[in-house]
Amino acid sequence: MDRIIPYIKSASLLLLLLGCAQSQKEAVPEQQLPNIVYVLADDLGYGDISSFNPEGKILTPNIDKLAEDGMKFTDAHTSAAVCTPTRYGILTGRYNWRSGLKNGVLTGKSRALIPSDRSTVASLLKQAGYTTAFIGKWHLGWDWALKDTTNFGGDGWDHRDFEGIDFSRPVSNTPNGLGFDYAYGHSGSLDMAPYVYVENGNITAAVDHITENTDKYTWWRKGPTAADFIHQEVTPNLFSKARKYIQEKAADEKPFFLYLALPSPHTPILPAKEWQGKSGINPYADFVMMIDSYMGQLTAAIAAAGIEENTLLIFTSDNGCSPEADFELLAEKGHLPSYIYRGHKADIFEGGHRVPFLAKWPSRIAAGTVSDNTICTTDLYATCAEITDIPMQENSGEDSFSILSLLSGGDDSSYNRQATVHHSINGSFAIRKGPWKLIFAADSGGWSSPKPGEAILEDVPEYQLYNLDNDAAESNNLYEKHPEVATELEEIMARYVHDGRSRPGNKQTNDAALFGNKDWPQIEIFNQLK
């Protein structure tokens, strides 16, 4: 089809889509569809980007240029405060707690979390004729070949857990089975073994040694390592792969989707030699500056390929900044990774899930625009569906709302997200509607104080209610002063849980019951409301 002249190609594609069982109406012609590049940083704080933090000390001119050339979202959120669940939500348009993952994250050994029959952003876009690629950190599980299929062994936190993997055989249930034509990357975080690149299901080099690093900033867990896997070179390598992919696909007539999932600035914090000491702050700040430089190269590659005008480029992060960045030292230097917000990665507080979010699309987005609408990273699925005019099925994108009208500068009322659910590392919930945020816990749900299990004063309410318009720092708990607001939010949350969706539509079923774990902080309130 790539060799057929454009008007014939468009008609052929249209006939194909009209005959597809999942497509009920005419799709947007292929040549009008934008290329979509989605860049997901790892553990990058809201306040680590200069355009979001006027008092920040880390210089990010290239990412700031995206704000100048496109749209900045000041109230964007991930669906969870840690890696795996956020990535699940981005690709499926569904809250992760509807899946079997109720808290925490996967390891580098974990089995595939997303079943092959679940629609993803990639499989949706393929319906519209896109070529699709994943490059980077997957962290959603895939299935390693095992020496003994009856003995899976440990879960992947200890280096001995990998002794049962047969690294000489292909991997199954990879991103290729979820709509990605091309997939290249590693299984978990860069501090999680095994340290192996997998390309379209095949391991790219023999696993021939064990590595470990125990230094403060550069640590990674002990584990098997492939001959071609060098931790310091992973981020540059992934950006290089992404630029090459863009250059190759720009010459095709088909639009493309690239999901570039960075493993940085997550630990190990590994700025290249030329960036070490550049910030004058610490290695974390150096690493962020390095990523900014590579983002500049990526945007330049898009422009050089002649596709800048009709390419939607999104840059965001999978959660807030991690304490591994050394918050105390950064504060001494005058830099606050969470800006004015409370908490950090893993927390139910804003610092855990409020993230920088920038979108550039010259033919559609006016330069230098700002949106204060509350959006969520789960919204990519519905946005792509509206861009391509591919109908969303009832059992897909259950928590996704299109932000296309916002990108186009249209009426805010057409963005119909009623409320947004947040989720912490220990499984604590919060729900946000307008300025109001209700936390179904008395603690952080994560790593900041008060931590789950820590002693809490007797007169502290069981739950937390904040008005973020007046109290961005979440310092004044209004739970007992506004019971009517708390009740409304509780009822919305209960409905979202039991309907299996927050987007309007027929009731769906969550993959695993939410009420089986009696230790969940919110179990009592949900049982009362259901």
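How many percent of DSSP beta bridges within segment 80-201 run antiparallel, rounded to 5?
On the way: 4 of 9 bridges.
Antiparallel bridges: around 45 percent, rounded to the nearest 5.
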Loop-resident trypsin sites (Lys or Arg not before Pro) in segment 67-169 with no more than 10 other Cβ atoms inside 10 Å, DSSP not H/G/I/E/B, are none
As a percent rounded to 5, the proportion of antiparallel DSSP bridges among beta bridges in the chain is 50
Between the modelled labels at Ile230 and Asp143 (7 Å from Cα along Cα→Cβ) the distance in nm is 3.5
Any GluC sites (Glu not before Pro) in segment 376-474 that lie in a DSSP loop and have at most 11 other Cβ atoms within 10 Å would be Glu454, Glu458
Honestly segment 159-227 on the Cα gyration tensor test (a ≥ b ≥ c root eigenvalues; a/c under 1.5 rounded, otherwise a/b vs b/c for prolate or oblate) is just prolate
Answer in debye to the nearest 20: the dipole magnitude of the chain about its Cα centre, from +1 Lys/Arg and -1 Asp/Glu charges placed on Cβ, is 1120
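Taking the Cα centre of segment 119-179 as origin and charging only Cβ (+1 Lys, Arg; -1 Asp, Glu), how large is the dipole, in debye to the nearest 20? Present the calculation step by step, with values, prior to reporting the outcome.
Working: 5 positive and 7 negative charges, 76 e Å.
About 360 debye.
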Within segment 327-413, DSSP-loop trypsin sites (Lys or Arg not before Pro) with at most 16 other C-beta atoms within 10 Å are Lys333
One finds the C-alpha centres of segment 361-419 and segment 232-280 to be spaced, in Å, by 26
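Mind running the shape call on segment 421-529? Use the C-alpha gyration tensor, a ≥ b ≥ c as the square roots of the eigenvalues: rounded below 1.5 for a/c, prolate if a/b tops b/c, oblate otherwise.
Working: a/c = 1.90, a/b = 1.31, b/c = 1.45.
Oblate is the answer for segment 421-529, as a/c is 1.5 or above yet b/c matches or exceeds a/b.
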For the chain, the charge dipole (Cβ of Lys, Arg +1; Cβ of Asp, Glu -1; about the Cα centre) points to a positive end, and the Cα of Met493, Pro504, Ser116 closest to that extreme belongs to Ser116
TM-like helix rule applied to the chain (DSSP H, alpha carbon span at least 30 Å on the long axis, mean Kyte-Doolittle at least 0.5) gives 283-304
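What does the net charge come to around Ile431 if you take all other residues with beta carbon closer than 13 Å to its beta carbon, with K and R at +1 and D and E at -1? It would help to have the intermediate numbers written out before the result.
On the way: positive: Arg417, Arg432, Lys433, Lys437, Arg495; negative: Asp399, Glu488, Glu490, Glu491.
Result for the local shell: +1.
Just want to confirm a number: the relative contact order over segment 37-418, from Cα pairs under 8 angstrom separated by 6+ residues, in percent.
Details: 932 pairs, mean separation 113.3, N = 382.
Computed over segment 37-418, the figure is 30 percent.
Nothing charged except the Cβ atoms of Lys and Arg (+1) and of Asp and Glu (-1): what's the magnitude of the dipole of segment 325-424 about its Cα centre? Round to the nearest 20 debye.
Numbers: 7 positive and 14 negative charges, 62 e Å.
With only Lys, Arg, Asp and Glu charged at Cβ, the dipole is about 300 debye.
Above 44 angstrom, tally the Cα pairs of the chain and express them as a % of all pairs, no decimals.
Details: 15589 of 140185 pairs.
Of all Cα-Cα pairs in the chain, 11 percent lie more than 44 Å apart.
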Taking the alpha-carbon centre of each part, the distance from segment 285-360 to segment 176-200 in Å is 22
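For every helix of n ≥ 4 consecutive DSSP H residues, a contribution of -39,500 (n - 2.57) applies; sum these over the chain, divide by its total residues, and give [θ] at 222 nm rounded to the nearest 500 deg cm²/dmol. Please report the intermediate quantities before stating the final value.
On the way: 12 runs with 125 residues, N = 530.
Helix-only estimate at 222 nm: -7000 deg cm²/dmol.
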Once normalised by the length of segment 421-529, the mean sequence separation of its alpha carbon contacts under 8 Å that are 6 or more apart gives a contact order in percent of 22
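Using only alpha carbon pairs under 8 Å that are at least six residues apart, calculate the relative contact order of segment 68-120 and give it in whole percent. Working shown, then result.
Working: 35 pairs, mean separation 14.9, N = 53.
Across segment 68-120, relative contact order equals 28 percent.
Laboratory data are not the source of any read-out in this text; all were calculated from the coordinates shown. Predicted model, so just to flag it, every value in this text is computed and none were measured. Quick reminder, even Gly has a Cβ in these numbers, built from the backbone with ideal geometry, and neighbours come from all protein chains shown.
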